[in-house]
Amino acid sequence: MPGLFVLRQAEALAKSHVVQVLSVHPDPSCRVKFEVVQTVEKDVRTCRVYYKTHQEGNRLITKVLDISRFVKAHFKGVKALKGFRPDIIHGHVLTREILFAFYLAHKWHIPYLISEHWSRYLPENGTYKGMTRKWLTQFLVRRSAGVTAVSGTLKQAMLAHKLGHKRFYIVPNTIDTSAYLPLGNWDVSNKASILHVSCFEDKSKNIRGFLDSVALVFSSRTDFIVRLLGEGPDLASMKEYAASLGLGPDKVRFTGLIRGDDLIKLYQTSSFLVQSSRYETFGTVVAEALSCGLPVISTPTGIAPEIIDRSNGILLQQHGVNEMADAINIMLDNYTTFDRQKLHESISGVYAERKVTDQLTGIYRETISLCQKA
């Protein structure tokens, strides 16, 4: 899940370029110090390196040892690429991974780009701290050939932290609009189905607030069910909280993690989506839902303020329980009035794979050309 957006971008790029992904993962259950796994997935050559983390001993010593293995894992991954020499390196998510991208770019005399997805720079998150981290992050940004952010919201947050660059682009996450398609009309003979998709991290996703709103709506009507899709650190506690509100399986269902065609089918058979987040850098589920013809209720986070209006949903001004409950009531009465095909068309030309791939290809070619002239 944490690398899902990078995966989708790599798959889109691999349709017209040779793409090699190197990804390093800590794994306390790894039976050996390092495990290198190479695969080809949808034309993406992928090298995953797992390294065993230390679970016992002095905290400072184990941290140093884990950092050492983290670095060694990257070198093992590069060695496993067996001579693959790229024209450009595209590093995702500051700061540690980009430090290795900087090293390789210097070694191979090629440029590197940075793509940021993380919400740490947003004031609502507030985890971008520490003088050393800030200095190193600013250094890596300055030395890069360019920076991309997934939304204008994230770009402005980064600029506020002095992470600017003369070649700073907004490149959105990709949506396979050829697969995320509407499916006929709504079946009004059954109860409406409200969908909520998240990584189950309550601090950012405000799942508790969403459940409070759902409980408030259920106090006056029962003509709907709610499905919460995903998994994450707060899944168990959210199930317990739902139960404490009297939201049993007949009202609220936790589906777990669903991917691929099954995920698309769930979008297609739902009535509308609710995004209740306190903050987002992008909000892919909003674009996915609209691509499948679902109207959306969303807090003003990520891309929602840019794409949601009365023609495709309801944009909340805040994430208060009463306001969200009112919006759910309105949408329950009106979701069938939306034209699914028009909802799909409203975003298909913005986040389609080909559009994002073409944008990145232009950035790559320009970057390589400028590097060669330097």
#### Entry: Overall Cα dimensions of the stretch 163-321, principal axis frame, Å, largest first
54, 36, 29
### Message
Under 8 Å for C-alpha pairs, at least 6 residues apart: give me the relative contact order for the chain, rounded to a whole percent.
### Response
14
### Query
What list do you get for Met238, Met158, Met131 if you sort them by fewest beta carbons within 10 Å?
Met131, Met238, Met158
### Query
What ranking of Ile61, Ile328 emerges when the number of other C-beta atoms within 10 Å of each C-beta is taken as an exposure proxy, fewest first?
Ile61, Ile328
### Query
Near the amide H of Ser115, under 5 Å away, which other amide H atoms are found, from residues 5 or more places off or on another chain, if H is placed in the peptide plane?
Gly91, His92, Val93, Thr148
### Query
Once phi is turned into θ = phi - 60°, what whole-Hz ³J(HN,Hα) does the Karplus curve with 6.51, -1.76 and 1.60 give for every residue of the stretch 182-196, x standing for Gly and Pro?
x, 10, x, 9, 6, 8, 7, 7, 9, 5, 5, 10, 8, 10, 10
### Task
May I ask you to list the lysines whose Cα is less than 23 Å away from that of Lys82, ignoring any residue fewer than eight positions away on the same chain?
Lys15, Lys33, Lys42, Lys72, Lys107
### Message
Which of Lys15, Lys205 has the fewest other C-beta atoms within 10 Å, and how do the rest follow up to the most?
### Response
Lys15, Lys205
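When the helix-only estimate is applied to the chain (DSSP H runs of n ≥ 4, each -39,500 (n - 2.57), divided by the residue count), what is the mean residue ellipticity at 222 nm, nearest 500 deg cm²/dmol? Write out the running numbers ahead of the final one.
Working: 14 runs with 161 residues, N = 374.
Calculated mean residue ellipticity at 222 nm is -13000 deg cm²/dmol.
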### Summary
Excluding near-sequence neighbours (fewer than 8 apart on one chain), the stretch 199-301 holds lysine pairs with C-alpha atoms under 22 Å apart numbering 5
### Query
Can you give the extra length, in nm with one decimal, that the chain gains between Lys373 and Thr337 once fully stretched, where that is 0.36 nm per residue apart less the Cα-Cα distance?
7.4 nm
### Task
Please identify every one of the trypsin sites (Lys or Arg not before Pro) in the stretch 65-136 that sits in a loop by DSSP and has no more than 12 other beta carbons within 10 Å of its own beta carbon.
Lys82, Lys129
## Note on the structure
When the charge dipole of the stretch 116-253 is computed with +1 at the Cβ of Lys and Arg and -1 at the Cβ of Asp and Glu, the Cα pointing farthest to the positive end, of Phe200, Ser220, Leu140, is that of Leu140
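Taking the Cα centre of the stretch 28-181 as the origin, how large is its charge dipole in debye, to the nearest 20, when only Lys and Arg (+1) and Asp and Glu (-1) carry charge on their Cβ atoms?
About 680 debye.
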### Task
Evaluate the charge dipole of the stretch 92-227 about its Cα centre and quote only its size in Debye, nearest 20, assuming +1 on the Cβ of each Lys and Arg and -1 on the Cβ of each Asp and Glu.
840
### Message
Over the stretch 40-112, what is the relative contact order in percent, taking alpha-carbon pairs closer than 8 angstrom and at least six residues apart?
### Response
24
## Note on the structure
Per GNM of the chain with C-alpha springs under 10 angstrom, the most fluctuating residue out of Phe254, Phe84, Phe224 is Phe84
### Positive-end residue, the stretch 192-351 charge dipole about Cα centroid, Cβ charges, pick of Gly232, Gly320, Val274
Gly232
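If you take every DSSP beta bridge fully contained in the chain, what fraction is antiparallel? Give it as a percent rounded to 5.
If I count the DSSP bridges inside the chain, around 20 percent turn out antiparallel.
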### Query
Suppose every K and R has +1 on its Cβ and every D and E has -1 on its Cβ; what is the size of the dipole of the chain about the Cα centre, in Debye to the nearest 20?
2080
### Query
Want the number for Lys107 to Val37: 0.36 nm per residue separation, take away the alpha-carbon distance, what's left?
22.8 nm
### Contour minus Cα-Cα distance for Thr361 and Ile170 (0.36 nm per residue)
67.4 nm
### Query
What are the GluC sites (Glu not before Pro) within the stretch 1-68 that DSSP puts in a loop, where the Cβ has at most 12 other Cβ atoms within 10 Å?
Glu56
### Query
Say the dipole of the chain comes from +1 at the beta carbon of Lys and Arg and -1 at that of Asp and Glu; which of Val356, Gly260, Ile67 then lies farthest toward its positive end?
Ile67
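Each value in this text was obtained by applying a stated rule to the coordinates, not by laboratory testing. Nothing here was measured: the structure is a model prediction, and the numbers come from that model. Using ideal geometry, Cβ is built from the backbone for each residue, glycine included, and neighbour counts are taken over all protein chains shown.
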